[in-house]
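*Asks:* Starting off with a structure, shown below.
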Amino acid sequence: MEKTIYKKIKEFKKIIIARHIGADPDALGSSIGLREIIKETFPKKEVYAIGTTSSKFKYMGNVDKIKEEDFYDALLIVLDTPDLKRIDGIKDISKYKYVIKIDHHPAIDEFGDISWVDDTESSVCQMIIELVYSTRLKINKYAAERLFMGLVSDTNRFLFYYTTKKTMSLVSKLINDTGIDFTNLYDDLYARPLSEIRLQGYMYQNLIVTENGLGYLKITDEIIKKFEVDPASSGNLVNNFNNINEVLVWVTFSEDTKQNQIRVNARSRGPVINKVLERYNGGGHKFASGARLKDFEMMKDLVKDLDELCKEYKKNNK
């Protein structure tokens, strides 16, 4: 698979790299990292990593702005995106000459002339590192830093279940080959403004925990304004709740008045949650998923479904 992808990269003069909306460090790290890798290997190629900018993750690097209709003869590489509706910056992939999909989420939409999908991989950044070491692609220190940060973020510092021996081996090789100062990279990844730390305290104090092991929290626009944060902040903090003995599944519901929706971020220490989230305009990994709700009324149904899931899990896993 990797060699076939390399041949297509080598074949095209113009390459567009896209990823999902609401980009996180894995999406940004893989797209920006791959852009730099291709440019390092083939300096004469036109390579663009597109999508909406993110002020929160500006340390990951800059993205490119293009006039899409000027690039329909290009190779389109879609990263970290399981469904067509969530591709950022692409209106119609069928207009592109050739499409490659690289993703580590469970498949939702089948697309791409080449589709490399493996939900056992820790991150798409890991898949890009594999692509480099399986082909003649060249990697520089800047690209390696983006890939390292994306991988570390998606594994939560190598804590999540899909961190494997292969993950650690690839990271070790990446560090040895490129000489990245990985300890300093953690400063960007995990530094938080005081407003988010105070919000985190509020979240700990107000988490509701059911007898079945579901923890959930409602973050209204009023609370967001009180702590002077944005609607994504509670979701950014959701991984901090993964060591509570009494909680199997935990979920935040954060009001986003600008988008007129409720942002849902859910995590699990056992029950498989992505199938439940798929019923609420969402999805993701087995134990890390998200969704978007129209209003807080829908929250009641999702809480009920997740609570039942926890109850069933406890019944079958005493």
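The values are calculated or read from the model by the stated rules, or taken from the named source; none is laboratory data. Since the model is a prediction, treat every value here as computed from it, not as a measurement. Quick reminder, even Gly has a Cβ in these numbers, built from the backbone with ideal geometry, and neighbours come from all protein chains shown.
*Asks:* For the range 278-300, enumerate the residues that are closer than 18 Å to Ile219 by Cβ, part of a helix (DSSP H, G or I) and either under 16 Å from the mean Cα position of the chain (by Cα) or not aliphatic (A, V, I, L, M) (or both).
*Replies:* As a first pass, look at the range 278-300 and keep what is closer than 18 Å to Ile219 by Cβ: 280, 282, 289-300.
This time we only want the ones that are part of a helix (DSSP H, G or I), so: 297-300.
If the condition is that a residue be closer than 18 Å to Ile219 by Cβ, part of a helix (DSSP H, G or I) and either under 16 Å from the mean Cα position of the chain (by Cα) or not aliphatic (A, V, I, L, M) (or both), then Glu297, Lys300 are the ones that fit.
*Asks:* I've got another one for you. Mind checking which residues of the range 279-299 are free of Cβ contacts under 8 Å to residues at least 60 places away in the same chain and either touching a strand residue (DSSP E or B) at 6+ places or on another chain (Cβ under 8 Å) or of a type in the set (Lys, Arg) (or both)?
*Replies:* Correct list: Arg279, Tyr280, Asn281, Gly282, Ser289, Gly290, Ala291, Arg292, Leu293, Lys294, Asp295, Met298.
*Asks:* Could you tell me which residue of the range 14-26 is surrounded by the most Cβ atoms within 10 Å (Cβ to Cβ), considering only residues that are in contact with a Lys or Arg (Cβ under 6 Å, 6 or more places away or on another chain) and modelled with pLDDT under 95?
*Replies:* If we take residues in the range 14-26 being in contact with a Lys or Arg (Cβ under 6 Å, 6 or more places away or on another chain) and modelled with pLDDT under 95, then His20 is surrounded by the most Cβ atoms within 10 Å (Cβ to Cβ).
*Asks:* Quick one: is Gln205 in contact with a Leu (Cβ under 6 Å, 6 or more places away or on another chain) and not in a loop (DSSP other than H, G, I, E, B)? Give the steps one after another, and end with the answer.
*Replies:* On the way: in contact with a Leu (Cβ under 6 Å, 6 or more places away or on another chain): no; not in a loop (DSSP other than H, G, I, E, B): yes.
So Gln205 does not fit the description; no.
*Asks:* Select from the range 25-82 the residues that are hydroxyl-bearing (Ser, Thr, Tyr) and not in a helix (DSSP H, G or I) and write down the one among them that is nearest to the chain's Cα centre (by Cα).
*Replies:* Only one residue tops the list, namely Thr81.
*Asks:* Suppose the filter is of a type outside the set (A, V, I, L, M, F, W, C), in contact with a helix residue (DSSP H, G or I) (Cβ under 7 Å, 6 or more places away or on another chain) and outside the structural domain of Ser233 (by TED's automatic domain parsing); does Lys13 pass it?
*Replies:* no
*Asks:* Determine whether Ile66 is of a type in the set (A, V, I, L, M, F, W, C), within 16 Å of Leu147 (Cα to Cα) and not assigned by TED's automatic domain parsing to the domain that holds Asn281.
*Replies:* No; evaluated as a whole, the condition is false for this residue.
*Asks:* While we're on this one: Here are some conditions: (1) more than 27 Å from Asp305 (Cβ to Cβ); (2) out of contact with any Ser or Thr (no Cβ under 9 Å at 6 or more places or on another chain); (3) among the charged types (D, E, K, R). Glu228 meets all but one. Which one does it not meet?
*Replies:* Of the numbered conditions (1) more than 27 Å from Asp305 (Cβ to Cβ); (2) out of contact with any Ser or Thr (no Cβ under 9 Å at 6 or more places or on another chain); (3) among the charged types (D, E, K, R), the odd one out for Glu228 is (2).
*Asks:* So which of Glu312, Glu246 ends up being over 24 Å from Pro231 (Cα atoms), in the same structural domain as Gly213 (by TED's automatic domain parsing) and part of a helix (DSSP H, G or I)?
*Replies:* Glu312
*Asks:* Return yes when Asp221 is over 25 Å from Asp109 (Cβ atoms), without any contact (Cβ under 8 Å) to a residue 60 or more places away in the chain and in the same structural domain as Tyr202 (by TED's automatic domain parsing) and no when it is not.
*Replies:* Working: over 25 Å from Asp109 (Cβ atoms): yes; without any contact (Cβ under 8 Å) to a residue 60 or more places away in the chain: yes; in the same structural domain as Tyr202 (by TED's automatic domain parsing): yes.
Considered against the rule, which asks whether it is over 25 Å from Asp109 (Cβ atoms), without any contact (Cβ under 8 Å) to a residue 60 or more places away in the chain and in the same structural domain as Tyr202 (by TED's automatic domain parsing), Asp221 comes out as yes.
*Asks:* While we're on this one: Of the conditions (1) in contact (Cβ under 8 Å) with a residue 40 or more places away in the chain; (2) small (Gly, Ala, Ser); (3) part of a helix (DSSP H, G or I), Gly22 fails just one. Which one is it?
*Replies:* (3)
*Asks:* Mind checking which residues of the range 208-229 are part of a loop (DSSP other than H, G, I, E, B) and surrounded by fewer than 17 Cβ atoms within 10 Å (Cβ to Cβ)? Give the steps one after another, and end with the answer.
*Replies:* Step one: of the range 208-229, the residues part of a loop (DSSP other than H, G, I, E, B) are 210-213, 220, 227-229.
Answer for the range 208-229, where residues must be part of a loop (DSSP other than H, G, I, E, B) and surrounded by fewer than 17 Cβ atoms within 10 Å (Cβ to Cβ): Glu211, Thr220, Glu228.
*Asks:* Now for a different question. Applying the selection to the range 260-318, what residues are surrounded by 15 or more Cβ atoms within 10 Å (Cβ to Cβ) and polar (S, T, N, Q)?
*Replies:* Hits for the range 260-318 are Gln261, Asn265, Ser268, Asn274, Asn281, Ser289.
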